[in-house]
Structure formats: C-alpha cells, structure tokens
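**Q** Dumping the structure here so I can ask a few things about it.
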Amino acid sequence: MDYLESLRVFRSVVEANSFRRAADNLGISVAAVSRAISGLETRLDSRLFHRTTRQLSTTEAAERFYAGSSRILHDLAVLEAEASMQTVQPSGVLRLVAHTTATVLRLVPLISTFKRKYSKVDLDVTLTERPVDLVADGYDLGIVVPFMLSAETVVTRLLQRVPLTIVAAPEYLKRCTLPQHPSELARHTFVAVPPSVRKPELTFRVDEGNLTVPLTYHVASNNPMFNREMVLEGFGIGAMSATLVQDELSSGRLVPILGDFEIVDGAFEIRLAYNSRTFLPAKVRAFVEHAAAFFEGTADA
C-alpha cells in the first residue's frame, strides 16, 4: 500500500474510531488496515493509537498528524477535481441516526429530497430514541433531541424548536374537572416521559412569577407516540409536541388545556449533530447544508 493510501486509511480509522468500521468503509480487510497503520507508525517512529481489545483512542501525535494529513488529502482531492474539470461530488455511504418520533413528519421528505439532489450518496438510516455516541456508534450525523447526545465533542446546529402543548382526551375530562389554572394540575394524573429523559414537572409563567408543578403519573414512556395513544385512551393529561397532536386537536379527539398560560422552556429542540472535524467529508457537508435549508423552508409548514 502506497503512502497516500496509508494516509487515507489512517484518516478513516480516526474518523470511524475503529479498525473494523474503517475497513468496512474502505472496502478492505481489517488486516490491511492494521498493516497500513503499523507501516505509518514505523515510518513516523511514533505510536498513533492506543489499542485494547475493547477500545481505541488516538495519541497526541495522531491528533496532530490527523489535522495535517486531512488537509493534504483534502487539497489533493480538490486539485484532482480541478485538473479533470470536475467538482468534488458528495458520494459514499452516509450513516445517519435520527430520533424516531421527533422527526416523524420531516425525515422522509428530508431524505428523499437529499437523495434526489445527491444521487451518488447512499444512506444508512437508524431510528432510535436512546442516547447515542456518534463516533463510537459509527454515525456521520444525527438528527437528535439534546438528551440523546452522550458525548460533548460534537458540533450541533439548531434545526427546529417544537412547542409543547398540554392536552387531554374528552373521556378523561368527563372524570376530572378541566384545569383553569396551572396550580390545579397537581391534582391530576399525567402520561409522562421517564425522569431519565425529563424531570416530571412543568413550570408556568404566572402573575406571581414562575410556578413549578410536579407531575403525578402512573404510566411513563420515552416514546411520544405511545404516550399520545395512552392520553387518547384517557389515562391522563399529556404535555406533548404540538406537531404530534395537531390532527387530534383538529378532530376534537384531544382538548387543549391551559393554552393561555406560558410554559417556561416549553419547547424542545431538534438539532443536527456531527463530529467536530476540521475537514468535513463532502457527503456530510452536503447533508448539513441541505438539512438546514430544508428545516428553514418548512418552519411554518
């Protein structure tokens, strides 16, 4: 393997944080990756990775070498493209993880418009609602809500703020008096999210200042669609994404509660997350720009 190819292998290992994933991304064997890294370490007379059976981490020398070698490979790709009268086109496999229900109304049109625009990019999409580590889990990008990010070394970009609305089913309100003031919520039952996701309380802005109401609940789930169905069945009040319950509110299957009172921090953020690298691959940069434009264009939809 020549020196430039060894540099490409090295870059892939750093970005994938795994010999195996780098091999998969490059379409070569793990043994070939290992030989390339060993050859570089011999040439540089310096260890590039700390390796154990379960973990891989870069050395200080590797961090410095990554920045310089990435710049060289990026400049070389630009030169080759200019020499052939072409532009650097996004291509390859883009591994994307997205929050299942937060993106339910946006993900398909987002992906389909991106794919039509960048036909050479293949997408490997994972839907989940658990915390993720983009590097360790091998993702290029995430469309996430903040609690999902288990590492702080990623760049995030706000795509959308989704307001919360408090709702209940008419069946529930037949048994319980409709609350007229936030303080009355303390006497009601909620369908909630687990405390590990969000503290079971709501804070309202009232004339006297902020009022925090602890939530009583007997059913909790990290899946908003499940929670919506339980609220529809009359098992309690829900504080839910406005977009998730808009059809039910329009049809009367759910009733809005305390709409005249402002919820403090009453919106959750959908963010685009990607690894903090100086030189983003073309496919990642293209998706970042496309997603930002897409969400801006559908903000009022």
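**Q** In the range 130-144, what count of residues is obtained for those that are crowded, with 19+ Cβ neighbours inside 10 Å, assigned to a loop (DSSP other than H, G, I, E, B) and out of contact with any helix residue (DSSP H, G or I) (no Cβ under 6 Å at 6 or more places or on another chain)?
**A** Matching residues across the range 130-144 total 1.
**Q** Another one. Within the range 179-197, which residues are surrounded by 15 or more Cβ atoms within 10 Å (Cβ to Cβ) and not in a helix (DSSP H, G or I)?
**A** Step one: of the range 179-197, the residues surrounded by 15 or more Cβ atoms within 10 Å (Cβ to Cβ) are 179, 182, 184-185, 188-193, 197.
Answer for the range 179-197, where residues must be surrounded by 15 or more Cβ atoms within 10 Å (Cβ to Cβ) and not in a helix (DSSP H, G or I): Pro179, His188, Thr189, Phe190, Val191, Ala192, Val193, Val197.
**Q** Show me the helices (runs of 4 or more DSSP H) found entirely inside the range 203-301 where at least 1 residues are under 25 Å from Val132 (Cβ atoms) and outside the structural domain of Ile72 (by TED's automatic domain parsing).
**A** Of the helices (runs of 4 or more DSSP H) lying wholly inside the range 203-301, those with at least 1 residues that are under 25 Å from Val132 (Cβ atoms) and outside the structural domain of Ile72 (by TED's automatic domain parsing) span 224-232, 282-297.
**Q** Which members of the range 158-178 meet the condition of being modelled with pLDDT of 95 or more and outside any helix (DSSP H, G or I)?
**A** Once the filter is applied, which keeps residues that are modelled with pLDDT of 95 or more and outside any helix (DSSP H, G or I), the range 158-178 yields Ile166, Val167, Ala168, Ala169.
The values are calculated or read from the model by the stated rules, or taken from the named source; none is laboratory data. Treat the numbers as computed from the prediction; the structure is a model and nothing was measured. In this analysis, Cβ positions are derived from the backbone assuming ideal geometry, glycine residues included, and neighbour counts consider all displayed protein chains.
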